[in-house]
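The values are calculated or read from the model by the stated rules, or taken from the named source; none is laboratory data. Only a predicted model underlies this, so the values are computations on that prediction, with no experimental measurement involved. We place every Cβ from the backbone using ideal geometry, glycine too, and count neighbours over all the protein chains shown.
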Amino acid sequence: MIEIRHLFKRYHNHQDSDWVLKDINLMIPEGISVGLLGRNGAGKSTLLRLIAGMDTPERGEIIRYARVSWPIGLSGGFQNSMTGRQNVKFVARVHGAGLDVQRIIDDVEAFAEIGSAFDDPIRTYSSGMRARLNFGLSLAFDFDVYLSDEATAVGDRAFRAKATKAFKDKIGEACLIMVSHSEGILRDLCQSGIYLKDGQALWYDDIDDAIKAYHADTDSSHDNQPEAFEDLASLSLQQLHTLRLERKQAFEKARQEMEAAQKPDIPTSERKAYGSAFRVAREQWHTVIMAIQKRQADKETDT
């Protein structure tokens, strides 16, 4: 069980920073897998890091009555000058693996599927290779709760299927708290849901109800904010690249406007509006980039 009490979090990156999370109070039951939903900037990854203990709240506390993993899917946390093998060995020793260190190294090497790069310095890895290594390392330990931040979106089609199966195999022995852009994955792996909206966390006993609540807001909205489950499958790869360039330009424009609005004489409400527009543009651009990466990975696998 994980208990969250009066949790507040914000990042002091500019004047009058908004609260990312405001007075969150949740009780996540033992043995229940939970899907986190919300638009970009809603605080999904922030909440995962807080639950993992990788970040600290402004106010409030998180009480963990279980062993909780670090967020699987993040590519950070490794020592860049060390090889993948050395990083795995170090983490295994820190976590008290004892005589199981070699078994853990072998399991991670097999699961990550990065070949000879396992013995290369981490600084030479792509973000995808880091995420694969992170995934394999996390699953090598027996946690009660596994945190996943888009972990099932890493790699090509075969590896994504392997990652999803690995999570399914853990259900029953452990539970998940996960962020995913795939409704199917959330429905397949989670029973309950948390919908983050305007800094608040809404609990739903049924993941379907959480997804419906999310769609009820996004479908009725007229502010052009992107849906987390945007479907770009009907577009060709060339069309996706064209869309990527268009959205990059929109992102750069939104960024410039947001930065220009960070002046004392600009009303707070106006600065917030520019900040929201920036986050929307960033998510729209990122969504297309992810779609292109997945399409290219699938093409490599098919060939």
### Query
For the subset of the stretch 112-140 comprising residues that are closer than 16 Å to residue 163 by Cβ and surrounded by fewer than 20 Cβ atoms within 10 Å (Cβ to Cβ), which member is modelled with the lowest pLDDT?
127
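Restricting attention to the stretch 80-96, which residues are closer than 14 Å to residue 141 by Cα and either of a type in the set (Lys, Arg) or surrounded by fewer than 18 Cβ atoms within 10 Å (Cβ to Cβ) (or both)?
Filtering the stretch 80-96 for residues closer than 14 Å to residue 141 by Cα gives 88-96.
89, 90, 93, 94, 95, 96 - these are the residues of the stretch 80-96 that are closer than 14 Å to residue 141 by Cα and either of a type in the set (Lys, Arg) or surrounded by fewer than 18 Cβ atoms within 10 Å (Cβ to Cβ) (or both).
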### Summary
residue 46 vs (1) closer than 30 Å to residue 274 by Cα; (2) outside any helix (DSSP H, G or I): all pass except (2)
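Of everything in the stretch 142-161 that's over 18 Å from the mean Cα position of the chain (by Cα) and either buried (at least 22 other Cβ atoms within 10 Å of the Cβ) or more than 22 Å from residue 101 (Cα to Cα) (or both), which residue is modelled with the lowest pLDDT?
To start, the set of residues in the stretch 142-161 that are over 18 Å from the mean Cα position of the chain (by Cα) comprises 142-144, 157-158.
Restricting the remaining residues to those that are either buried (at least 22 other Cβ atoms within 10 Å of the Cβ) or more than 22 Å from residue 101 (Cα to Cα) (or both) gives 157-158.
Numbers: 157: 75, 158: 79.
It comes out as 157.
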### Message
With the structure loaded, tell me whether residue 145 is among the hydrophobic types (A, V, I, L, M, F, W, C) and closer than 24 Å to residue 33 by Cβ or whether it fails that test.
### Response
yes
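Looking only at the stretch 198-208, decide whether some residue is modelled with pLDDT of 85 or more, among the acidic types (Asp, Glu) and at positive phi. Reasoning before the result, please.
Quick first cut of the stretch 198-208, residues modelled with pLDDT of 85 or more only: 198-208.
If we keep only those that are among the acidic types (Asp, Glu) as well, we get 198, 205-206, 208.
In the following step, the residues that additionally are at positive phi were identified as 198.
Looking through the stretch 198-208, at least one residue is modelled with pLDDT of 85 or more, among the acidic types (Asp, Glu) and at positive phi.
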### Query
Quick one: is residue 72 among the β-branched types (Val, Ile, Thr), in the same structural domain as residue 36 (by TED's automatic domain parsing), surrounded by 16 or more Cβ atoms within 10 Å (Cβ to Cβ) and within 21 Å of the chain's Cα centre (by Cα)?
yes
## Note on the structure
When restricted to 60, 96, 77, the only residue in contact with a Phe, Trp or Tyr (Cβ under 8 Å, 6 or more places away or on another chain), at positive phi and part of a loop (DSSP other than H, G, I, E, B) is 77
#### Entry: Condition broken by residue 212, with the remaining ones in (1) surrounded by fewer than 20 Cβ atoms within 10 Å (Cβ to Cβ); (2) more than 26 Å from residue 94 (Cβ to Cβ); (3) within 16 Å of the chain's Cα centre (by Cα) satisfied
(3)
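Select from the stretch 31-44 the residues that are under 15 Å from the mean Cα position of the chain (by Cα) and either surrounded by 20 or more Cβ atoms within 10 Å (Cβ to Cβ) or among the aliphatic types (A, V, I, L, M) (or both) and list them in ascending order. Lay out the reasoning, then the answer.
Our first condition is that a residue be under 15 Å from the mean Cα position of the chain (by Cα); within the stretch 31-44, this holds for 34-44.
Within the stretch 31-44, 34, 35, 36, 37, 38, 39, 42, 43, 44 meet the criteria.
Does the stretch 157-195 hold any residues that are among the basic types (Lys, Arg) and farther than 25 Å from residue 288 by Cβ, and which are they?
Passing the criteria: 162, 165, 168, 170.
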### Task
Go through (1) out of contact with any strand residue (DSSP E or B) (no Cβ under 6 Å at 6 or more places or on another chain); (2) surrounded by 14 or more Cβ atoms within 10 Å (Cβ to Cβ); (3) of a type in the set (Val, Ile, Thr) and name the single condition residue 28 misses.
(1)
